[in-house]
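The values are calculated or read from the model by the stated rules, or taken from the named source; none is laboratory data. Just so you know, these numbers come straight off a predicted model, no measurement behind them. Here Cβ is always computed from backbone atoms with ideal geometry, including for glycine, and neighbour counts include all displayed protein chains.
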Amino acid sequence: MEIYQATQEDINGVAKLFNSYRVFYKQASNIQAAEDFVRERMEKKESVIFTAVENGEYIGFTQLYPAFSSVSMKRIWILNDLFVTAESRNKGAGRQLLHAAKQFAKETDAKGLKLQTAVDNISAQHLYESDGWIKDEQFFYYELNV
């Protein structure tokens with residue numbers, strides 16, 4: 001298995017994973033929109049994507065978005081997406097993608113990484129906690145959809 005930062009050449013493979021990720025979260029499948037979204041994020045340098053490839057097949061990805069902490073005056077990376085295909089789970093791809101994200105955060109002198117996951121995504125929660133991520137119990141998070 002190879003984990004690396006995706007480039008323009010990886011858009012099709014990553015877009016298929018991204019589409020599957022969205023379907024996992026109960027969104028309608030739309031491979032063209034997924035490809036357009038991934039391409040735009042990469043072209044505008046609005047996200048960083050790491051992908052897992054095994055035997056020429058794209059089996060997982062994680063996507064990081066930049067944000068900033070005013071208090072620490074440092075960058076924070078938002079790990080917004082992490083997905084591994086069902087048939088490739090329990091092979092360590094998710095953990096390796098997390099490690100790639102962590103290494104990237106260190107290399108970019110970031111304060112750290114943040115993520116959120118569905119309250120019923122227990123397997124992801126176990127992965128994060130076993131890898132040293134700490135569940136926030138100090139702050140509440142709010143959303144406002146407009």
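The lone criterion from (1) closer than 28 Å to Glu129 by Cα; (2) surrounded by fewer than 19 Cβ atoms within 10 Å (Cβ to Cβ) left unmet by Thr62 is number (2). Could you please find all residues in the stretch 93-132 being farther than 12 Å from Leu79 by Cα, assigned to a loop (DSSP other than H, G, I, E, B) and modelled with pLDDT under 95? Across the stretch 93-132, the qualifying residues are Ala118, Val119, Asp120, Asn121, Asp131, Gly132. Is it the case, given these coordinates, that Thr7 is over 22 Å from Ala124 (Cβ atoms) and among the polar types (S, T, N, Q)? Spelling it out, Thr7 is indeed over 22 Å from Ala124 (Cβ atoms) and among the polar types (S, T, N, Q).
Checking the condition of a type outside the set (D, E, K, R) and in contact with an Asp or Glu (Cβ under 9 Å, 6 or more places away or on another chain), which residue from Asn80, Asn19 passes?
Only one candidate qualifies: Asn19.
In the condition set (1) modelled with pLDDT of 95 or more; (2) surrounded by fewer than 19 Cβ atoms within 10 Å (Cβ to Cβ), Tyr25 is compliant with all but (1).
Among the residues here, Ala118 qualifies as surrounded by 10 or more Cβ atoms within 10 Å (Cβ to Cβ), within 22 Å of Ala67 (Cβ to Cβ), among the aliphatic types (A, V, I, L, M) and out of contact with any helix residue (DSSP H, G or I) (no Cβ under 7 Å at 6 or more places or on another chain). Total residues in the stretch 60-92 satisfying the condition of being part of a strand (DSSP E or B) and over 16 Å from the mean Cα position of the chain (by Cα): the figure is 4. When Ile76, Ile134, Ile49 are checked against the criterion of being β-branched (Val, Ile, Thr) and within 20 Å of Leu17 (Cα to Cα), a single residue qualifies: Ile49.
For the condition farther than 22 Å from Lys114 by Cβ and basic (Lys, Arg), Arg22 does not qualify. Selection of first residues in the stretch 4-29 that are of a type in the set (D, E, K, R) and of second residues that are surrounded by 12 or more Cβ atoms within 10 Å (Cβ to Cβ), restricted to Cβ pairs under 6 Å at least 6 apart or on distinct chains, gives the following pairs, ordered by first then second residue: Asp10/Thr51.
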